[in-house]
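Peer 1: This is the structure I want to talk about, given as structure tokens.
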Amino acid sequence: VIRVSDTIAGLADAEEHVIWDESENEGFGQFIWAPELHEIGGEWYFLSTAARVESGYSFDLRPFIMKCNDPDDITNPDSWGEPQRISLYDGDTTALNAMSLDMTYFEANGKSYYAWADFTRNTDNPNGVSSIYIASVDPSDPTQLTSKCSVIAVPEYTWELVRYTVNEGPSVIKNDGKIYMAFSASGTGAEYCVGLLTADENADLLDPDSW
């Protein structure tokens, strides 16, 4: 749903407009999480997450994006195109293979990026680890990543390891030449907390050492 108001406070009581329902598209469903609105390449997009229903596994989540074809009528469901899954850079198999969620978009130094949480399993942690990934994206086709994925944060500190080994929910603020990426860590109970990554805006943001 979208709410529209002239003020932040006014959003509390603003009318809700349904722009998309999972039942409208086969294969998208169960958990529609972390919705965001972004202007990308001069167009408005709705970025969110939905389970791959065909897998039969409720937490088999993947990010998807929808384009608004009429920005003057953004609350009209007919203004929005079909949901499209985000695609990896050609030949990259390092991400979007399991639970992938909380994707956000940001721009820095004339380049465009997605950051998101991606879940992996390995022999050291068979229950899985959720880490923060980043990749570049083409604003003219925001369904397509244009670089291989990089991992810029893996849970390692005590406050990131309580009950679950999780980094998720990245969100970016730019200020005075710096990129600040807040993220959530640990389980989602009382232990849930917020961490902060920092990088220079002019750095190679795809390089984990820049953060």
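The values are calculated or read from the model by the stated rules, or taken from the named source; none is laboratory data. All values derive from a computational prediction rather than experimental measurement. Don't worry about glycine lacking a Cβ; one is built from the backbone with ideal geometry, like all the others, and counts go over all protein chains shown. These area figures cover heavy atoms from the full protein model, side chains too; ligands, DNA and RNA do not enter into them. Shrake-Rupley method; radii C 1.70, N 1.55, O 1.52, S 1.80 Å.
Peer 1: Take the Cβ-Cβ distance between D72 and E201 as r, set R0 to 25 Å, and report the resulting FRET efficiency rounded to the nearest 0.05.
Peer 2: Efficiency, rounded to the nearest 0.05: 0.15.
Peer 1: Which of the GluC sites (Glu not before Pro) found in region 1-95 are in a DSSP loop and have at most 14 neighbouring Cβ atoms, other than their own, within 10 Å?
Peer 2: Within region 1-95, the qualifying GluC sites (Glu not before Pro) (loop, at most 14 other Cβ atoms within 10 Å) are E15, E26.
Peer 1: Hey, what do the phi angles of region 189-203 turn into as Karplus ³J(HN,Hα) couplings, whole Hz, using 6.51/-1.76/1.60 and θ = phi - 60°, x for Gly and Pro?
Peer 2: x, 4, 7, 4, 8, 10, x, 9, 9, 9, 8, 6, 4, 8, 6
Peer 1: While we're looking at this one, here's another question. Label point 7 Å out from T146 along Cα-to-Cβ: which residues of region 181-211 have amide N under 15 Å?
Peer 2: Counting only backbone N, you get 205-206.
Peer 1: Given H placed on each backbone N at 1.01 Å, which residues far from W44 in sequence or on other chains put an amide H within less than 5 Å of it?
Peer 2: Amide H to amide H, under 5 Å and 5 or more residues apart or across chains, W44 pairs with C68.
Peer 1: On the accessible surface of region 54-187, probed at 1.4 Å, how many percent belong to carbon and sulfur atoms?
Peer 2: Carbon and sulfur: 46 percent of the exposed surface of region 54-187.
Peer 1: Determine the percent antiparallel among the DSSP beta bridges restricted to the chain, to the nearest 5.
Peer 2: 95 percent
Peer 1: Right, another one. Under 1.5 on a/c is rounded, so check that first for the chain, then, if it is not, pick prolate when a/b is larger than b/c and oblate when it is not; a ≥ b ≥ c are the square roots of the alpha carbon gyration tensor eigenvalues.
Peer 2: Cα axes put the chain in the rounded bin.
Peer 1: Would you kindly derive the ³J(HN,Hα) couplings of region 158-175 from the backbone phi angles with the Karplus curve 6.51 cos²θ - 1.76 cosθ + 1.60 (θ = phi - 60°), listing them in order in whole Hz, with x for Gly and Pro?
Peer 2: 3, 5, 9, 10, 7, 6, 9, 9, 9, 10, 7, x, x, 8, 10, 10, 10, 7
Peer 1: Let me ask something else. So how much accessible area does K111 have, in Å² to the nearest 10, using a 1.4 Å probe?
Peer 2: Around 120 Å² of this residue is reachable by solvent.
Peer 1: Taking square-rooted eigenvalues a ≥ b ≥ c of the alpha carbon gyration tensor, is region 26-116 rounded, prolate or oblate, where a/c under 1.5 means rounded and, failing that, a/b exceeding b/c means prolate?
Peer 2: Because a/c hits 1.5 or more and a/b fails to exceed b/c, region 26-116 counts as oblate.
Peer 1: Over all pairs of distinct alpha carbons, what does the Kirkwood formula give as the hydrodynamic radius of region 1-59, in Å?
Peer 2: With all distinct Cα pairs of region 1-59 included, I get 13.4 Å.
Peer 1: Something else now. I'd like the Karplus ³J(HN,Hα) series for region 180-185: coefficients 6.51, -1.76, 1.60, θ = phi - 60°, whole numbers in Hz, and an x wherever there's a Gly or Pro.
Peer 2: Running phi through 6.51 cos²θ - 1.76 cosθ + 1.60 with θ = phi - 60° gives 10, 10, 7, 8, 9, 9 Hz.
Peer 1: Between region 128-199 and region 27-61, what is the separation of their alpha carbon centroids in Å?
Peer 2: 17 Å
Peer 1: Counting only heavy atoms of the protein chains, get the accessible area per residue of the chain (1.4 Å probe) and round it to a whole Å² value.
Peer 2: Value returned for the chain: 53 Å² of accessible area per residue.
Peer 1: Of the chymotrypsin sites (Phe, Trp or Tyr not before Pro) in region 23-66, which ones lie in a loop per DSSP and count no more than 16 other C-beta atoms within 10 Å?
Peer 2: Sites meeting the loop and neighbour criteria: Y57, F59.
Peer 1: Amide H neighbours of D138 under 5 Å, counting only residues 5+ apart in sequence or on other chains, H built in-plane at 1.01 Å?
Peer 2: Residues meeting the criterion, in which the H sits 1.01 Å from N, are Q144, T146.
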